[in-house]
Amino acid sequence: MDALTALVNALNLRAKLVYSGGVCGRWLMDHNSDTSVWFHLVSKGQGWVHSPSRETPLALENGDLILFLPHAPKHFLSYSAEHLPCDAADTRLTGWEGGESGFVCGEIELATPRSLLWQALPAEIVIKKNQAGDILAKLIELVIG
């Protein structure tokens, strides 16, 4: 076993799919955690990341992926760059076809979220579809295809 495999195995990660489908209306996603990594893959349409680490909201489009590590500041995903709903009350979850936007969202539970390894990584990791390498691009296409 090489050193990287041993390191990853020692991290004791558990992942789960939290949502896969569409969203309509004035939607808001609030997946903040100080113990888990959250990921959001845009499968259809677009969404906006509202985060204090950014001067303006970040646009995410079909095929874009964002990960929020436990040390990320409180953030939200929303239907609009200009408007951030105060809660998710107006969010309508739909099937893939019915949503204006679509997401595959998941949580990776960390056994040691405060480890130096996680803290050394950026708090928010954005991978735009057009910047993903060949292998990741094919994986994303399989997930949202």
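Quick notes on this structure:
- Positive-end ranking of 73, 36, 93 along the dipole of the chain, with charges on Cβ about the Cα centre, is headed by 36.
- Count of lysine pairs in the chain with Cα separation under 22 Å (8 or more residues apart, or interchain): 9
- Between residue 126 and residue 141, the simple label model (points 7 Å from Cα in the Cβ direction) yields a spacing of 2.4 nm.
- For residue 55, net neighbour charge (Lys/Arg +1, Asp/Glu -1) across residues whose Cβ lies under 15 Å away: -1
- Computed over the chain, the alpha-carbon pair-distance distribution with 10 angstrom bins reads 11, 39, 37, 12, 2, each value a whole percent.
- Full-extension gain in nm, residue 33 to residue 15, via 0.36 nm per residue minus C-alpha separation: 5.1 nm
- Working note: 222 nm ellipticity from helices only, DSSP H runs with n ≥ 4, each -39,500 (n - 2.57), summed and divided by the residues of the chain, gives -4500 deg cm²/dmol to the nearest 500.
- Förster radius 25 Å - calculated FRET efficiency between residue 83 and residue 62, Cβ distance, rounded to 0.05: 0.70
- C-alpha center-to-center spacing [region 80-145, region 18-72] in angstrom: 5 Å
- When all protein chains stay in place and ligands, DNA and RNA are ignored, the 1.4 Å accessible-area order of 5, 56, 91, largest first, is 56, 5, 91.
- The amide H of residue 18, built 1.01 Å from its N in the peptide plane, has 105, 106, 107 as neighbours under 5 Å, considering only residues 5 or more places off or on other chains.
- Average accessible surface area per residue within the chain, 1.4 Å rolling probe, Å²: 56 Å²
- Angle between the chain longest axis and helix 134-144 axis [Cα atoms, degrees, rounded to 10]: 50 degrees
- Under 5 Å, built H, 5+ apart or other chain: amide partners of residue 75: none
- Local electrostatic count at residue 126 - Lys and Arg +1, Asp and Glu -1, tallied over other residues with Cβ under 13 Å: 0
- If R0 equals 30 Å, the separation of the Cβ atoms of residue 55 and residue 90 corresponds to a calculated FRET efficiency of about 0.70.
- Of the solvent-accessible surface of region 32-96, computed with a 1.4 Å probe over protein heavy atoms with every protein chain present, carbon and sulfur atoms account for 55 percent.
- Sparse-neighbourhood loop sites, GluC sites (Glu not before Pro) in region 56-145 - DSSP loop, at most 13 other Cβ within 10 angstrom: 82, 97
The values are calculated or read from the model by the stated rules, or taken from the named source; none is laboratory data. This is a predicted model, so every value here is computed, not measured. Don't worry about glycine lacking a Cβ; one is built from the backbone with ideal geometry, like all the others, and counts go over all protein chains shown. Just the protein is used for accessible areas: all its heavy atoms, side chains included, with ligands, DNA and RNA removed. Shrake-Rupley method; radii C 1.70, N 1.55, O 1.52, S 1.80 Å.
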